[in-house]
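A quick write-up on the structure given underneath.
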Amino acid sequence: MDNDIIKAGQINAEFDALNNDLLLRADLNDSALLRVYERGFTNAGNTFRIKRVMDKAMSGESITVGFIGGSITQGSLSSTPESCYAYLVYKWWRDRFPKAHVRYINAGVGATTSQYGAARVERDLLCYDPDIVFAEFSVNDRNEDFFQETYEGLIRRILLFRKEPALFLLNNVFYDNGRNTQELHNEVGRYYDLPIVSMRESIYKEIENGSINREDITPDSLHPNDAGHKLIAGLIINRLEDICNERLDKPQVKAGYEAPLKPLTQNRYANAGILNNKTCIPLLTGFKADMTKKAGSWDVFRDGWSGLREGDKISIDAEGSFISVQYRKYAQHPAPVAELVIDEDIGNPIILDANFDETWGDCLYLQDILTGGEARVHNITITITKAVEGKEFYLASVIKA
């Protein structure tokens with residue numbers, strides 16, 4: 001066995017040291033922590049593509065490790081960008097395969113769902129040709145069939161991408177009540193035979209039985225602190241170590257991987273797209289295109305259009321049966337208000353109110369305006385009806401599917 005492979009289920013010494021602060025505050029020893037990790041492993045999946053990435057890294061080639069999800073993936077409430085679970089998992093790849101050049105792409109965007117993820121995954125992640133992708137949307141998606149469909153759209157876009165990346169799924173959780181959408185998400189994950197780890201079946205169970213104090217790992221019952229991010233990374237790393245062992249110790253039962261040709265759902269988000277000032281030319285009356293360079297996928301109020309005055313108008317054509325708009329909602333009130341008219345139906349305007357009802361910060365808000373409509377080109381016209389001095393109405397994009 002190669003020297004860089006450790007025994008199945010064993011946590012490497014460096015990562016064990018990272019967890020010492022948590023172990024001191026929790027009723028867990030090393031073996032109990034391993035049991036937590038193993039309980040969180042909810043679907044083995046076909047690991048052919050993951051092992052292929054490991055082979056590539058072992059030979060010293062370059063690999064790209066990508067992440068897509070919401071605020072937890074972005075690293076919300078970790079003390080530094082290097083303290084979030086995504087970076088810790090990337091670091092495992094870098095340290096486990098020192099001969100390889102490992103590139104890290106974090107496409108996490110806070111307060112967003114798989115509906116937006118399916119539309120942006122090529123722009124924000126797949127364009128970097130990732131070899132492996134880790135995906136999480138189980139606390140942002142609602143427990144509705146619609147989000148099972150958008151989640152499958154994201155999964156299929158990744159699996160069927162030209163480079164055939166490996167895909168690893170995780171289910172984050174609300175730590176106060178155990179709420180997430182893992183039943184719907186994992187039905188998709190099992191259908192596509194993917195590895196899955198669940199925070200609800202592991203970390204949350206320890207909170208329920210009193211072995212972990214919730215306040216030790218999350219200040220708001222959702223977003224992990226550094227200790228919480230280490231636990232999430234630990235679940236993923238523990239499974240990766242097992243797969244790394246299997247790669248040498250056991251024959252590959254399945255000699256390849258092929259995504260099912262037939263989708264599980266109606267799969268109407270498989271070809272979702274984003275219209276912004278990089279991809280379409282709308283009719284502008286008062287609105288102006290925002291040409292500021294986007295700093296990263298997290299820099300969400302970019303590539304759109306803004307208007308400042310009452311009566312400013314923008315008109316966009318979008319083809320699809322599902323259409324949504326994304327605009328900026330402001331935590332600080334008052335904020336502008338606009339009306340949206342679709343297909344010149346002026347008798348049924350849709351209100352776009354940029355006043356956010358939360359206080360944690362401004363939100364890239366996604367509002368559906370057509371769901372399951374006629375699949376054709378639709379015209380969307382937005383007019384500012386209430387202006388606020390010094391505060392623009394910002395339309396970030398139109399999503400179509």
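Bear in mind that the values in this text are calculations on the coordinates, not laboratory data. A quick note: this is a predicted structure, and the numbers were derived from the prediction, not measured. Cβ sites come from the backbone with ideal geometry, for glycine too, and all protein chains shown count toward neighbours.
Can you tally the net charge around Gly373? Count Lys and Arg as +1, Asp and Glu as -1, for every other residue whose Cβ sits under 13 Å from the Cβ of Gly373.
Local net charge: -2.
Give the peptides 349-355, 224-230 in descending order of average Cβ contacts within 10 Å, highest first.
Top to bottom by mean Cβ count within 10 Å: 224-230, 349-355.
Find the relative contact order for the chain and round it to a whole percent, using C-alpha pairs within less than 8 Å whose residues are 6+ positions apart.
Taking the mean separation of contacting Cα pairs over the length of the chain, I get 18 percent.
Over the Cα atoms, compute the radius of gyration (one decimal) and Dmax (the largest Cα-Cα distance, rounded to a whole number) for the chain, in Å.
According to the Cα coordinates of the chain, Rg and Dmax are 22.2, 72 Å.
Can you list the residues, at least 5 places off or on another chain, whose amide H is less than 5 Å from the amide H of Asn171, using H built in the peptide plane?
Correct list: Val197, Ser198, Met199.
Provide the net charge surrounding Thr359, with neighbours chosen by a C-beta distance below 14 Å and charges set as Lys +1, Arg +1, Asp -1, Glu -1.
-3
Only Lys, Arg, Asp and Glu count, each charged at its Cβ (+1, +1, -1, -1), so figure out the dipole size of the chain about its Cα centre, rounded to 20 debye.
Dipole magnitude for the chain comes out near 1060 debye.
Would you mind calculating the gained length between Lys56 and Glu344 on full extension (0.36 nm times residue separation, minus the Cα-Cα distance), in nm to one decimal?
98.2 nm
Which peptide among 321-327, 107-113, 264-270 comes first, and what is the full order, when sorted by highest mean count of other Cβ atoms within 10 Å?
107-113, 321-327, 264-270
For the chain, find the longest principal axis of its Cα atoms and tell me its angle to the long axis of helix 30-39, 0 to 90°, nearest 10.
In the chain, helix 30-39 runs at an angle near 50 degrees to the longest axis.
Classify the stretch 334-398 as rounded, prolate or oblate from the Cα gyration tensor: take a ≥ b ≥ c as the square roots of its eigenvalues, call it rounded if a/c is under 1.5, otherwise prolate when a/b beats b/c and oblate if not.
Judged from the Cα gyration tensor, the stretch 334-398 comes out prolate (a/c at least 1.5, a/b above b/c).
Which percentage, to the nearest 5, of the DSSP beta bridges contained in the chain is antiparallel?
Antiparallel bridges make up about 65 percent of those DSSP assigns within the chain.
Quick check on packing: order 373-383, 307-317 by the mean number of other C-beta atoms within 10 Å, highest mean leading.
Top of the packing list down: 307-317, 373-383.
Using 0.36 nm per residue of separation minus the Cα-Cα distance, give me the extension gain between Glu187 and Asp95 in nm, one decimal.
So the extension gain works out to 29.8 nm.
Using only Cα atoms, tell me the angle between helix 85-96 and the longest principal axis of the chain; keep it within 0 to 90° and round to the nearest 10.
Value to nearest ten degrees: 40.
If you add up the charges near Met291, with Lys and Arg at +1 and Asp and Glu at -1, over every other residue whose beta carbon is less than 11 angstrom from its beta carbon, what do you get?
Around Met291, the charge tally is +3.
7 Å from Cα along Cα→Cβ at both Asp30 and Glu164: what's the point-to-point distance in nm?
Label at Asp30, label at Glu164, 3.9 nm between them.
If I take R0 = 25 Å and measure r between the Cβ atoms of Phe48 and Asn271 in this structure, what FRET efficiency does the formula 1/(1 + (r/R0)^6) give, to the nearest 0.05?
0.45
Based on the alpha-carbon gyration tensor of the stretch 232-332 and its eigenvalue square roots a ≥ b ≥ c, which shape applies: rounded if a/c is under 1.5, prolate if not and a/b is larger than b/c, or oblate? Write down the numbers at each step before the final one.
Details: a/c = 3.67, a/b = 2.16, b/c = 1.70.
It comes out prolate by the Cα gyration axes.
Run the helix sum for the chain: -39,500 (n - 2.57) per DSSP H stretch of 4+ residues, divided by residue count, reported at 222 nm to the nearest 500 deg cm²/dmol.
-8500 deg cm²/dmol
May I ask you to sort Phe147, Phe48 by Cβ crowding, counting other Cβ atoms within 10 Å and putting the fewest first?
The fewest-first ordering by Cβ neighbours comes to Phe48, Phe147.
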